[in-house]
Structures are given as structure tokens and as C-alpha cells.
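We did not get these values from a lab; they are worked out from the coordinates using the rules stated. Values in this document were obtained by computation on a predicted structure and should not be read as measured data. Glycine also receives a Cβ, built like all others from the backbone with ideal geometry; neighbour counts cover every protein chain displayed.
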């Protein structure tokens, strides 16, 4: 099997250079979303064997990664591995994924395990609660890594920071939904691939350390997170689990309440509260794509 790692960069030059160094020469494609920090030039200088696709603009997580994925498939990849640029892969990452693909011939998605820099678990599988729209924290979140988070098996979804997707899955289910732009697109992709008859499998031996950099910066990053989070959660839930009009209204209220509580009580930001409101309105109006100046 042929594997190509896809890394998305947007003004994250130093993060991306560390990420690529962790791959130790594995085949990789970097999609650059119109960076202005000299990323493309620096990547080519440090890693001449890494192909850089310059998108020329910020196409979001979905559009940016799709550009890298298409290039990887054109190079003959049987599997593409999405790896966040603020993550560093363990040396055995591709070997672990390859062995898991052999063990699970029905898998279309292989989900890796993410760790915080202190070694605690960031992500080790997660359910998707389409009925309410609130799925809770990932398994093991913030806890010491151990046996409970080291068992290979099916999971509802993968996370875009570290996930492998097969050529077969893409042929059946398509690419990331560029209308979602950023956030929740990995949930949607996992669900579409599962609906196409393939499995999503957690591979806990495929690991990376994820620092969770905020390339958009500070308060702006926080408002984008809640805007796209509430909008795309509503859209994805209604796409994959239609309900009656009353059920739809109740689920929308549940999703909005959860994001409003986070914006008001955790972020403590009026701008974030306004972003939740705007994301909610855009979901109901069917306005997708990049967040506009209006919202």
C-alpha cells in the first residue's frame, strides 16, 4: 500500500517545519492556504522532497486539505493521512496505520490517537450524538494514557488532526465538504464514509503529539471556533439524522445552548456569544462556506 501524508499550512511556518521533520522523510504534500509568512519558501528549502501546493487563498480546512488529497491521489496513494501542522508524529505512525489497514480490510477511516505534550490523552475515540448534537468530550481527554485508551476498535468518528482515509472511501463518499469550511467537517466525512459501507477504526498505536496552536490568533480564533462549531453542528446533525419539526427545533436549541454556555462561561467573551448567534442564524438560513464580514 502507498501512503501520503497531507499537511495543511496557513501562516504556521515553524509548526509545519516541526511537523514535517517528525515524518522522517515519509511522502508528504503540504497545501498552503495563501500564507504571508514565507512558509512555502521555507518548506521547499528545508524539505525539497515535500511537494507544496500553493492554493493562493485561505480555502479553509476542507478546501485546503482537499487540494493536498487530490495531489496525493494523483501520485498513486492508496491511503492519505491528514496530520495537523501543529502535531508531531511518532516514528511508528505509518507502520501502525499500515498494519491496522491489513487487520481491518473493511476500514475506510483509521483514526489515530492524539496526546498533549505532557503525555496525557487529547483524543482516543469519540461518539457522535446526532440526536441531541452534543457528543461530549473525547475518550480519555486530559487523562493519563493507559490501557483503557489503547484498545483498537470501531469509533463513531475520526478527528481531522490525525486520520487516514482510503482511496476507496474517497471514491465512494467524496472529499471533505468545502461548504463546511472548518470544524465538524471531519465528523461529516466519517459519517459519510460509514454510510458508504466502510468502517471507522481507532488505531491507538498510531500516535502524534498535538500542541493545538491557534493560527488565527487569540480572540479571533475563539469566535471562529464557536461560529463554525454551532453552524456546522446543526448542519451535520440535520444532514445525517433528520427529525420531526419539533425534534429539529429542540435539537437546534440544545446545540445553541451548549455553545452559548461555552462562549459566556468559559470564553467569557461577548464577541464569542455574538459569533454563536451568527452561526446559528447562518445554519438556519443555509449560508455555508467561509464566515463573512457580516457574521
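Just a few scattered comments:
- Full-extension gain in nm, residue 195 to residue 102, via 0.36 nm per residue minus C-alpha separation: 31.3 nm
- Between 247, 179, 142, the residue with the greatest mean-square fluctuation in the GNM of the chain (Cα pairs under 10 Å linked by springs) is 247.
- For the listed peptides 38-49, 82-93, a ranking on the average number of other beta carbons within 10 Å per residue, highest first, reads 82-93, 38-49.
- Under the simplified labelling scheme, the residue 24-residue 253 pair shows an inter-label distance of 5.5 nm, with each label point 7 Å from Cα along Cα→Cβ.
- Within region 140-162, backbone nitrogen closer than 16 Å to the virtual label 7 Å beyond the Cα of residue 240 toward Cβ: 154-162
- Working ranking of peptides 109-115, 27-33, 205-211, 149-155 by packing, defined as the average number of other Cβ atoms within 10 Å per residue, highest first, is 109-115, 27-33, 205-211, 149-155.
- Helix axis angle, 185-195 relative to the chain longest principal axis, alpha carbon, degrees: 80
- Modelled spin labels at residue 266 and residue 134, positioned 7 Å past Cα toward Cβ, are 1.2 nm from each other.
- Relative exposure of 132, 233, 36, judged by other C-beta atoms within 10 Å (fewest first): 36, 132, 233
- By the count of neighbouring beta-carbon atoms within 10 Å, fewest first, 145, 95 end up ordered 95, 145.
- Per-residue [θ]222 nm for the chain (sum of -39500 (n - 2.57) over DSSP H runs n ≥ 4, rounded to 500): -12500 deg cm²/dmol
- Taking the longest Cα principal axis of the chain as reference, the axis of helix 218-240 is set at about 80 degrees.
- Rounded tilt (10° steps) of 270-285 against the dominant C-alpha axis of the chain: 90
- Where the Cα pairs of region 3-210 fall when distances are cut into 10 Å bins, in %: 9, 37, 38, 15, 1
- Stretching the chain fully between residue 281 and residue 45 yields a gain of 80.5 nm (0.36 nm per residue, less the alpha carbon separation).
- GNM result for the chain, Cα springs below 10 Å: residue of 185, 54, 102 fluctuating most strongly: 102
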